[in-house]
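**Q** Here it is, the structure, as structure tokens.
The values are calculated or read from the model by the stated rules, or taken from the named source; none is laboratory data. Small disclaimer: the values here were computed from a predicted structure and weren't measured. Neighbour counts run over all protein chains shown; Cβ positions are idealised from the backbone, glycine included. Accessible surface areas use protein heavy atoms only, side chains included; no ligands, DNA or RNA. Shrake-Rupley method; radii C 1.70, N 1.55, O 1.52, S 1.80 Å.
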Amino acid sequence: MSTNSSPKTWTPREAEDYYGFHRWGAGHFTVDGNGCLCVHPMGDQRRIRILDIIKEAAQMGIRPPLTIRLQDMLRQRVTQLNEAFREAIRDEGYDGRYRGVFPTKVNQLREVVEEILDAGEKYDFGLEAGSKPELLIALALLENKNALLICNGYKDDEYIRLALMGRRLGKQTIIVIEQLSEVDAIIRLSKETGIEPHIGLRLKLTTAGEGKWAESTGENAKFGLTPCEIIHATRKLMRARMSESLRLVHFHIGSQVPNISTIKKAVSEAARYYCELVRLGFPMGMLDVGGGLGVDYDGSRSNYESSMNYSMEAYARDIIANVKSICEQSHVRVPDIVSESGRALVAPHSILVFEVVDRINRDLDAPILPPRGKRPQLVRELEDIYKNPSRLDALERYHDARQKKEEANTLFNLGYLSLEERAEADRLFWRICRDIREKLPAHGEIPDELGDLDKLLAEQYVCNFSVFQSLLDHWALDQLFPIAPIHRLDEKPAIPTTLADITCDSDGKVSAFIDLEDIKTTLNLHPLLPNQRYYVGAFLVGAYQDIMGDLHNLFGRVGEAHVFLEDDEEDGFYIEETINGSTTDKILGMIQYTAEDLCRMLKRQIDRATRNDEVRPREGVAMLEMYEASIHSKTYLVTQTTKEKTKTKIKPAQT
Ligand SMILES: *Cc1c(COP(=O)(O)O)cnc(C)c1O
């Protein structure tokens, strides 16, 4: 820590430490000399100031809440995953190939899928579909005949027909049987169409996953075949003279597996199944290890559920080495390895940026009772606690203040304290708490109760976004994401905060943050300044969050900017594409309201009011115009700084 920094200034180093950029950012985030957060999409020297992206997107009409996609980062992850397996295969002298696929459910956005396929072309990287709509996407987009198209999920006849059609077009479609009942349908439709399918079997492993998704695996899993069912399935295939079709075994032990030993166990178990199916005479050739490769959201490199205790390279090596060793024991030729890593491929590439638009006040610091007026005993006692900090130790002072505050509530409820007096007591209580917190030693033992002061004193910052749309897993699964301001990082963030979103739901908030150990309940941010926008980013949100968001409060999708590095550009980047956030009429349409109907209904009411002389005709026209304009505008808050407001003074409605 530099010694000459005033308490207000902060070094990039301190900012990086506090927000953990170098821990979870894997070399992709640094703070520049102006306190701005920069992203290094390729992990090299080339960097882009995130604030510059926001400015440029704003010129293109897209304002936060904004998803920034770093397409280079997506490509880099595809390369990294494929190279990790190639290297492991080389190092282990493994006599098989790696044939990865991207599970579309993790992010089906067209630009994401297309970028992954483009970057993966030279590795014959394929796609995985888990539903009919996803299969329709994959059939159209995946043209590389050497790449796999893995068909998972529940299947009806139509799904199976589509997969068979893929085979006719020369695609490497593999239908993975997840339920025994699917076997008969596949046999029937194959005979009917005369198309020979390639089939995989999904295993129900005894090795259960770990972390948040542990429940979805193991013997009570929703998907997969038990040993008995596998025997039944294989016998059905043999009876139908379709033994040649069986090419793959598959498992998936859930997402975000924090502990590498879980993966090793599952891989070994699956490899045993593979060897047995070879022994039974099926051609086989592929072992699919599913997803589960983690993302180190908190940067702790631990087996904590937001983290992972292994690297992508170690993951690849362990899979290759374990499969090889099991196959050697069973004297079986090693299979090609398929994996379906979604989270690890796409989580890092996207950043959600939102604006803090307000703070929820607990107390305003100006005295409420006149300085010389008469004040009740209780208020005088609180004043005394405030003004004489050294008479009691911190904990006693805190206990006394709390007790007085409770008394104030009681007296107010009984009618012995006026609203003004109660307000003054409240104000003094919070001043005392802040004073105690400021005087706490920076190091050393702090009583638990005082340690919780940060949480008690934390301000709620109101942010223009919806947790239900953009950080669903935080709400649903308590998943943690790195969150940090993207500018002013040369200023010490002195205000402990929690974040509230703009939905009308008290659950719409973020009050758990990553920390090196355990979880932080508050995040230090900067004071809001008049006339200055304040932007905060949520990072590693490219997996699942984009697509699982819901319409709570009808906010809908946020705007997007798709960014590429470009050396020739002034700021080192260009925005290849922008996507507008949801407009209100579109969202309303999804729940059966059309803009025309709503406008017509309102117009009828305005007409009636005009006829009855309650509203003047011109005013009525203005009202309808305003209503119509709102219906076609975006759903999130439109914010203006005071400066901008005075520039575009809104004309008072003419009456
Ligand atoms: C969800 C899913 C995946 C992706 O898992 P990640 O942990 O995101 O890599 C892969 N395969 C199947 C079958 C899935 O259901």
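**Q** Select from V356, A163, I368 the residue farthest towards the positive end of the dipole of the chain; place +1 on Cβ of Lys and Arg, -1 on Cβ of Asp and Glu, and compute about the Cα centre.
**A** Final value for the positive-end residue is A163.
**Q** Related question: Can you give me the accessible area per residue for the chain, using a 1.4 Å probe, in Å²?
**A** On a per-residue basis, 47 Å².
**Q** Could you list, bin by bin from short to long, the percent of Cα-Cα pairs of the chain in 20 Å steps?
**A** All Cα pairs considered, the percentages come to 16, 41, 30, 12, 1.
**Q** I would also like to ask the following. To the nearest 20 Debye, how big is the dipole of the chain about its Cα centre, given +1 on the beta carbon of each Lys and Arg and -1 on that of each Asp and Glu?
**A** With Lys and Arg at +1 and Asp and Glu at -1, about 1040 debye.
**Q** Something else now. In vacuum, with every alpha carbon of the stretch 531-582 counted as one equal point scatterer, what does the Debye formula give for log10 I(q)/I(0) at q = 0.18, 0.19, 0.21, 0.31 Å⁻¹? Two decimals, please.
**A** Here the Debye-derived log intensity ratios amount to -0.87, -0.93, -1.04, -1.15.
**Q** Let me ask something else. Per-residue accessible area for D400 at 1.4 Å probe radius, Å² rounded to 10?
**A** 60 Å²
**Q** Give, rounded to the nearest 20 debye, the magnitude of the charge dipole that the stretch 72-341 has about its Cα centre when Lys and Arg contribute +1 at Cβ and Asp and Glu contribute -1 at Cβ.
**A** 900 debye
**Q** Counting only pairs 8 or more places apart or on different chains, how many lysine pairs in the stretch 72-341 have C-alpha atoms closer than 17 Å?
**A** Within the stretch 72-341, the lysine pair count is 15.
**Q** Right, another one. Once the dipole of the chain is set up with Lys and Arg at +1 and Asp and Glu at -1 on Cβ about the Cα centre, which of Y627, V615, A401 lies farthest towards its positive end?
**A** Most positive-ward Cα: V615.
**Q** Taking every DSSP beta bridge that has both residues in the stretch 20-177, what percent is antiparallel when rounded to the nearest 5?
**A** Looking only at bridges with both residues in the stretch 20-177, the antiparallel portion is about 35 percent.
**Q** Further, regarding this structure: Can you work out D for the stretch 72-341 in µm² s⁻¹ from Stokes-Einstein, where Rh is the Kirkwood radius over C-alpha pairs, the temperature is 37 °C and the viscosity is 0.692 mPa s?
**A** 177 µm²/s
**Q** Residue farthest toward the positive end of the dipole of the stretch 52-103, with Cβ of Lys/Arg at +1 and Asp/Glu at -1: which of G96, T67, A84?
**A** Going by the Cα projections, it comes out as T67.
**Q** Let me ask another. Can you send over the carbon and sulfur percentage of the accessible area for the stretch 72-341, probe radius 1.4 Å, protein chains only?
**A** Accessible surface attributable to carbon and sulfur in the stretch 72-341 totals 46 percent.
**Q** Output the antiparallel fraction of DSSP beta bridges having both residues in the chain, as a percent to the nearest 5.
**A** 50 percent
**Q** So what's Rg/Rh here for the stretch 78-202, counting alpha carbon atoms and using the Kirkwood radius for Rh?
**A** Rounded to two decimals, Rg over Rh is 1.00.
**Q** Place a +1 charge on the Cβ of each Lys and Arg in the stretch 585-633 and a -1 charge on the Cβ of each Asp and Glu, then give the dipole magnitude about the Cα centre in debye, rounded to the nearest 20.
**A** 100 debye
**Q** Would you kindly find the accessible area of Y123, with a 1.4 Å probe and non-protein molecules such as ligands, DNA and RNA excluded, rounding to the nearest 10 Å²?
**A** Accessible surface of Y123 is approximately 10 Å².
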